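The values are calculated or read from the model by the stated rules, or taken from the named source; none is laboratory data. What you see is a predicted model; the values in this text were computed from it and never measured. For neighbour counting, all protein chains shown are included, and Cβ atoms are generated from backbone atoms with ideal geometry for every residue, glycine included. For accessibility, only protein heavy atoms count, side chains too; no ligands or nucleic acids. Shrake-Rupley method; radii C 1.70, N 1.55, O 1.52, S 1.80 Å.
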Amino acid sequence: QVQLVESGGGLVQAGGSLRLSCAGSGRTFSSYAMGWFRQAPGKERDVVSVISWNGGSTYYADSVKGRFTISRDNAKKTLSLQMNSLEPEDTAVYYCAASIRPYSVRLNEYNYWGQGTQVTVSS
């Protein structure tokens with residue numbers, strides 16, 4: 001069992017930065033793929049970025065490439081998402097999630113989810 005708690009969301013102006021963090025628990029955290037997903041009002045939840053169990057592989061949605069950076073610290077059981085050059089289109093609830101697979105970019109292969117943190121980017 002893995003429990004996930006996100007933090008770091010908030011209100012920021014376009015062009016600004018935020019850093020999201022996810023604190024995990026459970027002995028198997030370090031063997032799981034981790035990811036950040038987001039859901040904007042009226043839209044489906046979608047993948048933002050994922051990272052493999054050892055950090056060796058990463059994936060970014062085209063819309064965030066070059067602006068967002070995902071990282072993990074297995075010793076501390078934390079996942080982070082550094083978001084730069086934020087745009088109003090990035091406004092959404094951001095979720096941290098874990099997959100029992102070592103690496104996955106598929107939302108439906110993620111088994112554990114945090115409660116979400118709101119990110120609002122004003123123009």
Scanning region 1-13 for residues that are assigned to a loop (DSSP other than H, G, I, E, B) and open to solvent by 50 Å² or more (accessible area, probe 1.4 Å), the one farthest from GLY116 (Cα to Cα) turns out to be GLN1
Can you find, within region 29-39, the residue that is surrounded by the fewest Cβ atoms within 10 Å (Cβ to Cβ) among those that are touching a residue at least 60 places away in the same chain (Cβ under 8 Å) and over 14 Å from VAL119 (Cβ atoms)? SER31
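Has region 31-38 got any residue that is aromatic (Phe, Trp, Tyr), closer than 17 Å to ILE100 by Cβ and part of a strand (DSSP E or B)?
Just the residues of region 31-38 that are aromatic (Phe, Trp, Tyr), to begin with: 32, 36-37.
Filter again for closer than 17 Å to ILE100 by Cβ, leaving 32, 37.
Subsequent filtering for residues that are part of a strand (DSSP E or B) retains 37.
Yes, that holds for at least one residue.
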Within region 50-83, how many residues turn out to be part of a loop (DSSP other than H, G, I, E, B), open to solvent by 60 Å² or more (accessible area, probe 1.4 Å) and under 22 Å from VAL121 (Cβ atoms)? 4
Only one of these conditions is not met by VAL47: (1) within 14 Å of the chain's Cα centre (by Cα); (2) open to solvent by 50 Å² or more (accessible area, probe 1.4 Å); (3) β-branched (Val, Ile, Thr). Which number is it? (2)
Being among the hydroxyl-bearing types (Ser, Thr, Tyr), within 21 Å of TYR110 (Cα to Cα) and free of Cβ contacts under 8 Å to residues at least 24 places away in the same chain is the requirement here; does THR69 meet it? yes
May I ask you to list the residues in region 1-54 that are hydroxyl-bearing (Ser, Thr, Tyr) and touching a helix residue (DSSP H, G or I) at 6+ places or on another chain (Cβ under 9 Å)? none
Residues in region 93-106: is at least one more than 16 Å from THR28 (Cα to Cα), open to solvent by less than 10 Å² (accessible area, probe 1.4 Å), of a type outside the set (Ser, Thr, Tyr) and outside any strand (DSSP E or B)? no
Please find, among GLY16, GLY42, the residue that is part of a loop (DSSP other than H, G, I, E, B) and either within 22 Å of PRO102 (Cβ to Cβ) or in contact (Cβ under 8 Å) with a residue 12 or more places away in the chain (or both). GLY16
